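Contents: one structure, followed by commentary.
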Amino acid sequence: MAQTPLTLTGARVVTADGTHEGWVRIENGRVAGLGTGNPGAGDRYDVGGRLVAPGLVDTHIHGGTGHAFPEADPEGIREIVAFNRRAGVTSLVGGLVAATPEATLRQVSVLADLCDAGELAGIYLEGPFIARSKCGAHDPDLLRDPDTSEFDAWLEAGRGHVRMITVAPELPGALDLIGAARSCGVVAAIGHTEAGYEQTLAAIDAGATVATHVYNAMRPLNHRDPGPIAAVLGDERVTVELILDNVHVHPGAARLVFAAAGPGRVSLVTDAMSATGLGDGEYTLGDLRVRVQGGEARLVENGAIASSTIVLPQAVRNAVAVGVPVAEAVRSASSVPVAALGLSGAGRIEVGGHADLVILEEDLSVSEVMYRGAWVEGSSVS
């Protein structure tokens, strides 16, 4: 059914090239115009000088509201999507963790159905081709060396929706797998790794273009052994993910990432787990038990950090708190991840694009959310 055209006026619009005062016209679920001055006739909504930003895009998220993508439960996944949409995150890439080959194929197939239905923007596999010594919240018994035949099976089950995989470059067969991913249009990310500086550069040369949650589950930075962190921060070909919940990464270290990588190369992600939106208690991540206390999630077995419990707008606010300009922080949670994964129709306010919009208050809290041109009921849960 056709929607009545609507123009948002009195707005500070965050676009790919900055923030502009003016208006945004929405028709039939898409942005029909951008401009300044008089927008002409038609229904208007004066947003009162608030920011109108693109709907945020989380490309590394594992769950929320008591559900997790690896559970491969369509109704639970729809609840994750709905919760995030109310919070201003209008596009999600469903994140899986290390599992058996049989379980992984089942999970990928279910998520592909949800991609076909338009609920998800893609599928991300964080395991199983990662280092045991940097497994984080992945079950080490389920990790294995990169295998292009298993990767091919994922692609078949995913029906074109597998968008990204994480690989530890030092593992046998890693460079071959990265090359195979590149040739198939799948983004290869470097993460959960003990790789040295040169090994990381070799992976980038082979086609890796993303760093999985920089700092976390990586060989640490050392002035005589710079490792993967220096390699990914210093290479213009790489977009670096950053979990900015002030638990995974100290604000000072986060500030260094933005300074070293520069605008357009930092992708804010949540790595959020099923506990997000529910509060403290015990939960699971894959087959592992996780305890959340004070919003901080750690494995029960060994105390390792296990995902986060934030929603993406909080990461934007945390970025601004460490000195990142508002427009850059917003882009780091919208157009940057979209470009890194080659997604379409999301993360930007541009004529012809989907009208996925977030209205932000002065403190950057979410006030209202529009998805495909319609207001989302129950917005501003973040």
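Throughout, read-outs are computed from the coordinates displayed, never taken from laboratory work. Bear in mind that the values here come from a model prediction, so they are computed numbers and not experimental data. All Cβ positions, even for glycine, are placed from backbone atoms using ideal geometry, and neighbour counts span all protein chains on display.
Figures for the structure shown
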{"read-out": "Contact order normalised by residue count of segment 260-382, Cα under 8 Å, 6+ apart, percent", "value": "18"}
{"read-out": "Contact order relative to length of the chain, as percent, for alpha carbon pairs under 8 angstrom and 6 or more apart", "value": "20"}
{"read-out": "Per-residue Cβ neighbour rank within 10 angstrom, fewest leading, ASP235, ASP271, ASP43, ASP205", "value": "ASP43, ASP205, ASP235, ASP271"}
{"read-out": "Share of pairwise Cα separations in the chain, more than 29 Å, in percent", "value": "38"}
{"read-out": "Over the chain: helical MRE at 222 nm, DSSP H runs n ≥ 4 each giving -39500 (n - 2.57), nearest 500", "value": "-8000 deg cm²/dmol"}
{"read-out": "Ascending count of other beta-carbon atoms within 10 Å, so fewest first, for ILE80, ILE349", "value": "ILE349, ILE80"}
{"read-out": "Candidates per trypsin sites (Lys or Arg not before Pro) in segment 129-230, loop by DSSP, up to 13 other Cβ within 10 Å", "value": "ARG224"}
{"read-out": "Cut-off under 5 Å, modelled amide H: who pairs with ALA211 long-range", "value": "ILE190, THR239, VAL240, GLU241"}
{"read-out": "Euclidean distance of C-alpha centroids, segment 131-183 and segment 38-53, integer Å", "value": "46"}
{"read-out": "Gyration tensor (alpha-carbon) shape descriptor, segment 225-382, a/c threshold 1.5", "value": "oblate"}
{"read-out": "Hz values of 3J(HN,Hα) by residue in segment 190-195 - Karplus curve (6.51, -1.76, 1.60), Gly and Pro given as x", "value": "9, x, 6, 9, 9, 4"}
{"read-out": "Potential extension, ALA304-ALA103 segment - 0.36 nm per residue separation minus Cα distance", "value": "69.9 nm"}
{"read-out": "Per-residue ³J(HN,Hα) for segment 43-56, Karplus 6.51 cos²θ - 1.76 cosθ + 1.60, θ = phi - 60°, Hz, x for Gly and Pro", "value": "5, 10, 9, 7, 8, x, x, 6, 6, 10, 10, x, x, 6"}
{"read-out": "Estimated vicinal HN-Hα couplings, Hz - segment 351-361 in sequence order (Karplus 6.51, -1.76, 1.60; Gly, Pro = x)", "value": "4, x, x, 4, 7, 9, 10, 10, 9, 10, 6"}
